[in-house]
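Below is one structure, written out as structure tokens; comments come after it.
The values are calculated or read from the model by the stated rules, or taken from the named source; none is laboratory data. None of these values were measured; they are calculated from a predicted model. Using ideal geometry, Cβ is built from the backbone for each residue, glycine included, and neighbour counts are taken over all protein chains shown. When the accessible area is computed, the model is the full protein with side chains, heavy atoms only, and any ligands, DNA or RNA have been set aside. Shrake-Rupley method; radii C 1.70, N 1.55, O 1.52, S 1.80 Å.
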Amino acid sequence: MAFFNQNKYLPPQKCYNEDGGEVPCDGNEHTSVDQSMPFPLIDGSDVLADEGGLDQVISFYQVNGNRSISFKAFITTYNETWKSDWAQEPVYGRTDPIYMFKQNSRNITLVFKVPAASQGEAYENLTKVQRLVQFIYPSYSSVTTGWIPAQTISRAPLIRLNVLGMTQNQHPGTEDAIIQEGSQGIKSDGSVLMHKGRGQPKDGLLGVIQNLTVNHNLDNTDYGVFHPSEIKNTILPKFMEVNLTFDVIHEFTLGWGENNDFSSHTYPFNVDILDDEFYWTPQETQEADQVAAADAGEEDLDDTSATNQNEDEDVPPEQTRQNELASKRDLAEEGSRRKTRLTNRYKRRYGEDS
């Protein structure tokens, strides 16, 4: 997905022969290397961020151009805000207005640091921040009106943001697709992981960047800058800070269905505890307890019948027993239907045979 602190961003080394003339750096034992030139540096954060490591990165994916960039996850601020929009209609004589729901919106505030451990990484960081700024501009198409060439906006600058799996697309059916692939998100026993981030940039949340601020910290003496010796009148920031606000675009309708199921079971944090009882209402929990009691069978009915007979001597014992049996059968049938509904709901969510 991404590699950091790459050697290709370093200026080429200069090598000299015994006479002091510059020669190709071919590893000849009689060749001296200019020690003033920067050498590759391995930073500890590279292991956390590089592909093949932990992939702890912040990624941006340009929807229009199919490009992506990633930054190390030096996050200083990460806030999410959900806002509900209601229309209010005042009514004469009524204490409160009538509220009519309109929509929900989701906004993310993200601030992260972009440090450079080497001159090569400073080049890399400046290039990535530059590309991120380019991402917020639209796409244009050329049109010709008579002899006058012109341009018109063809596509808006939509972006997908993925922050360590916390912000990722969760369109209904995504979980099923992952399970069918048999790769990410699945344990060896076939169960779904409680929290699994999909690290690909294109798996991020769709939205727009409303505000983007880049602080180069050129005036901060605590950080300083790099001065490339081979390029005059040039400095490279050692430490930058990016501050942005991201408005999420919902790609599907979110809400509760007729079966009391939410549109996306793992929205918004991709957390799945695999326990339907967690989502039951108190009434559903009570019904489940009654079903469990009914599953115990008829062996406890004798004691119950005797108790009820003592409470009401006018009801024959056999009639009491038959009434209780009928009640238990009805309850067991309802429990069976409920279990079938839960099983079907499980299959819809996870695509497994149960």
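Do we find that Ser68 is out of contact with any helix residue (DSSP H, G or I) (no Cβ under 9 Å at 6 or more places or on another chain), farther than 24 Å from Asn217 by Cα and open to solvent by 50 Å² or more (accessible area, probe 1.4 Å) in this structure? Quick ask: steps written out before the conclusion?
Values: out of contact with any helix residue (DSSP H, G or I) (no Cβ under 9 Å at 6 or more places or on another chain): no; farther than 24 Å from Asn217 by Cα: yes; open to solvent by 50 Å² or more (accessible area, probe 1.4 Å): yes.
So Ser68 does not fit the description; no.
Restricting attention to segment 98-156, which residues are among the basic types (Lys, Arg) and either open to solvent by less than 60 Å² (accessible area, probe 1.4 Å) or part of a strand (DSSP E or B) (or both)? Steps first, answer last, please.
Within segment 98-156, the first condition is being among the basic types (Lys, Arg), and the residues that meet it are 102, 106, 113, 128, 131, 155.
Within segment 98-156, Lys102, Arg106, Lys113, Lys128, Arg155 meet the criteria.
Any chance you could count how many residues in segment 92-118 are closer than 30 Å to Gly224 by Cα and either of a type in the set (A, V, I, L, M) or touching a Lys or Arg at 6+ places or on another chain (Cβ under 9 Å) (or both)?
If we filter segment 92-118 for residues that are closer than 30 Å to Gly224 by Cα, which is where we start, we get 109-118.
After this cut, where a residue has to be either of a type in the set (A, V, I, L, M) or touching a Lys or Arg at 6+ places or on another chain (Cβ under 9 Å) (or both) as well, the list is 110-117.
Going through segment 92-118 one residue at a time, the tally reaches 8.
Output yes when any residue across segment 14-26 is at pLDDT 75 or above and either open to solvent by 80 Å² or more (accessible area, probe 1.4 Å) or within 16 Å of Val114 (Cβ to Cβ) (or both), and no when none is.
Yes: one or more hits.
Within segment 235-244, is even one residue modelled with pLDDT under 85, of a type in the set (Asp, Glu), outside any loop (DSSP other than H, G, I, E, B) and surrounded by 12 or more Cβ atoms within 10 Å (Cβ to Cβ)?
Our first condition is that a residue be modelled with pLDDT under 85; within segment 235-244, this holds for none.
No, segment 235-244 has no match at all.
Within segment 27-52, can you find the residues that are open to solvent by less than 40 Å² (accessible area, probe 1.4 Å) and at pLDDT below 70? First the steps, then the outcome.
Just the residues of segment 27-52 that are open to solvent by less than 40 Å² (accessible area, probe 1.4 Å), to begin with: 31, 34, 37-38, 45-46, 49-50.
Within segment 27-52, Thr31, Asp34, Met37, Pro38 qualify.
Scan segment 241-262 and report the pairs whose first residue is on the phi < 0 side of the Ramachandran plot and free of Cβ contacts under 8 Å to residues at least 60 places away in the same chain and whose second residue is part of a strand (DSSP E or B) and surrounded by 14 or more Cβ atoms within 10 Å (Cβ to Cβ), with Cβ atoms within less than 7 Å and a gap of 6+ or a chain change.
Short answer, once both residue conditions are applied: none.
Looking for whichever is part of a loop (DSSP other than H, G, I, E, B), within 16 Å of Asn125 (Cβ to Cβ) and either open to solvent by less than 60 Å² (accessible area, probe 1.4 Å) or free of Cβ contacts under 8 Å to residues at least 24 places away in the same chain (or both) here; the options are Leu212, Leu218. Which one fits? Can you show your working first?
On the way: Leu212 fails: part of a loop (DSSP other than H, G, I, E, B).
Answer to the selection: Leu218.
Name the residue that is farthest from the chain's Cα centre (by Cα), counting only residues in segment 251-268 that are open to solvent by 70 Å² or more (accessible area, probe 1.4 Å) and closer than 22 Å to Val208 by Cβ.
Thr253
Would you please name the residue that is modelled with the highest pLDDT, looking only at residues in segment 184-209 that are in a strand (DSSP E or B) and of a type in the set (Gly, Ala, Ser)?
Gly207
Need pairs with beta-carbon distance below 7 Å; first residue on the phi > 0 side of the Ramachandran plot and within segment 146-174, second modelled with pLDDT of 80 or more; sequence gap 6+ or separate chains.
Going by the 7 Å Cβ cut-off, the qualifying pairs are Leu164/Gln56; Leu164/Ala73.
Have a look at Glu175, Glu181 and point out the one that is closer than 14 Å to Val271 by Cα, among the acidic types (Asp, Glu) and at pLDDT below 85. If you could, list the steps in order and put the result at the bottom.
Details: Glu181 fails: closer than 14 Å to Val271 by Cα.
Being closer than 14 Å to Val271 by Cα, among the acidic types (Asp, Glu) and at pLDDT below 85 holds for just one of Glu175, Glu181, which is Glu175.
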